[in-house]
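Here the structure comes first, spelled out in structure tokens, and everything after it is commentary.
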């Protein structure tokens, strides 16, 4: 039957479409249910378009500082509409690429909103798509048609990959005008003169960095004592110093007691250290985290365990209900596209009966594409100590690296954390130019269980930023050369 599949995936984001492709490669008859756009939030409203915006900001920054490189560049300017148009164009191009991958792998696309209607007891899982009383969902970016429209579909296995959405706090409800989520922040009609960013995680800091580089007055408000709370304290402190040098205002241990709209924008009452102050800005970006999209799927109705808004799974994406799986943001932290993709592959390979390897969450890298960039993997120094590990810590600053100085990017640092007894690399943390491209070296090293001795004996090319990684390892063992 045309409406019966081996694997049906709810959600066409990074986790969903990668799982679909791997399923098709393994010979499964596969379909993806998507309500809006292939590629999900990451490709359309997250990872990709934000990097396009940040690239525009980076080029603008270098144009403004051409004199530092011996260049004479007329005072640069920008058209916000053109900057946004380029960003949206990048997303559209990749969206079309995902669609063609679906077609190439003979994966059906079912447009609409899905919910589970039957599961468990060894039978097929039934999924209904769309409300028959309403017209079919019209995707934002049409793709080659697979199955389009309403109906009930059966599958031996259903993978929930519905992702997440911005978390909304009471009193800071986005209105699309004065108070933004990342959706509105990604496509401003004009550059605001001032804005407040609530939250200093990766999303908040990336937008703060973009808007500050483009000339807006930016204030970041963080509830916790440290910006970039998941990062190593030294790395976060180094980044903060650079942000403030750029003119960004940062308030930590600060709570928004009241947010109100004014004729000119927003007014935020901040409580910090027993004192109160009022901040005014044209716009406010709420970047206080995300929450899983579990609503409307009837998960609880078919017995799937959901805890604190996230689907509970085992190491292979299996829920407590036979035939139902979950991957990506909807299945919990870390809420990263590359984690979702890898989970999708593991889940499908486990369904096939292959020797799938559980995901090691301690070896998932995290990247923040602000200026300077931040990248990390594994345990921070503090977390390693909390775990009772005896450690050796190495540090190397970019000021001792020839390539960094030649680039005009001497502000940065690599920090490595080793187990003192075994030489195991427990964590690596970097802040500086292009570090999101460097971190994979440490990720591979951790995956191969590389020791400090093997890293020290590795020959790194000169002159490159990667030499800072080598020097950090040497420093942990008292052998650093250029510092």
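At q = 0.11, 0.14 Å⁻¹, what base-10 log of I(q)/I(0) does the Debye formula yield for the chain when every alpha carbon is treated as an equal point scatterer in vacuo?
Values returned for q = 0.11, 0.14 Å⁻¹ are -1.02, -1.40.
Using helices alone, I'd like the mean residue ellipticity at 222 nm for the chain: each DSSP H run of four-plus residues gives -39500 (n - 2.57), total over residue count, nearest 500.
Helices in the chain give a 222 nm mean residue ellipticity of -9000 deg cm²/dmol.
Please give the contour-minus-distance gain from residue 459 to residue 269: 0.36 nm per residue of separation, less the Cα-Cα distance, rounded to one decimal in nm.
63.0 nm
Gain in length, residue 307 to residue 104, computed as 0.36 nm per residue apart minus the alpha-carbon separation, to one decimal in nm?
Full extension from residue 307 to residue 104 adds 69.4 nm.
Can you put 78, 243 in order, fewest other beta carbons within 10 Å first?
78, 243
If each of residue 278 and residue 357 carries a label point 7 Å out from its Cα toward its Cβ, how far apart are those two points in nm?
Between residue 278 and residue 357, the label points sit 5.9 nm apart.
Rounding to the nearest 10 and keeping the result within 0 to 90°, find how far the Cα-based axis of helix 337-352 lies from the longest principal axis of the chain.
40 degrees
Average projected area of the Cα convex hull of the stretch 372-476, in nm²?
5.9 nm²
Report the FRET efficiency, 1/(1 + (r/R0)^6), for residue 440 and residue 75, where r is their Cβ-Cβ distance and R0 is 45 Å, rounded to 0.05.
Once the sixth-power term is evaluated, E becomes 0.75.
Which order do 56, 286, 77 fall in if you start with the one that has the fewest other Cβ atoms within 10 Å?
77, 56, 286
For the stretch 8-132, compute Rh as the Kirkwood radius over C-alpha pairs and then the Stokes-Einstein diffusion coefficient at 37 °C and 0.692 mPa s; write the answer in µm²/s, rounded to an integer.
Calculated translational D: 190 µm²/s.
Taking the Cβ of each residue in 235, 313 as the centre, tally the other Cβ atoms inside 10 Å and list the residues starting with the fewest.
Ordered by Cβ neighbours within 10 Å, fewest first: 313, 235.
Ordered by packing density, taken as the mean number of other Cβ atoms within 10 Å over each peptide's residues, highest first, how do 207-219, 171-183, 190-202 rank?
For the peptides 207-219, 171-183, 190-202, the packing ranking is 207-219, 190-202, 171-183.
For the stretch 432-474, what is the convex hull volume of its Cα atoms per residue in Å³?
Hull volume over Cα atoms, normalised by residue count, gives 68 Å³.
Over the chain, what is the percentage of antiparallel beta bridges among all DSSP beta bridges, to the nearest 5?
Expressed as a percentage, antiparallel bridges in the chain total about 60.
Just check the stretch 179-288 against the gyration tensor rule for me: Cα atoms, a ≥ b ≥ c as the square roots of the eigenvalues, rounded for a/c under 1.5, and otherwise prolate or oblate depending on whether a/b exceeds b/c.
oblate
Read-outs throughout are calculated quantities, based only on the coordinates presented, and are distinct from any laboratory measurement. Quantities reported herein were computed from a predicted structural model and do not represent experimental measurements. Positions of Cβ are backbone-derived with ideal geometry, glycine not excepted, and every protein chain shown enters the neighbour counts.
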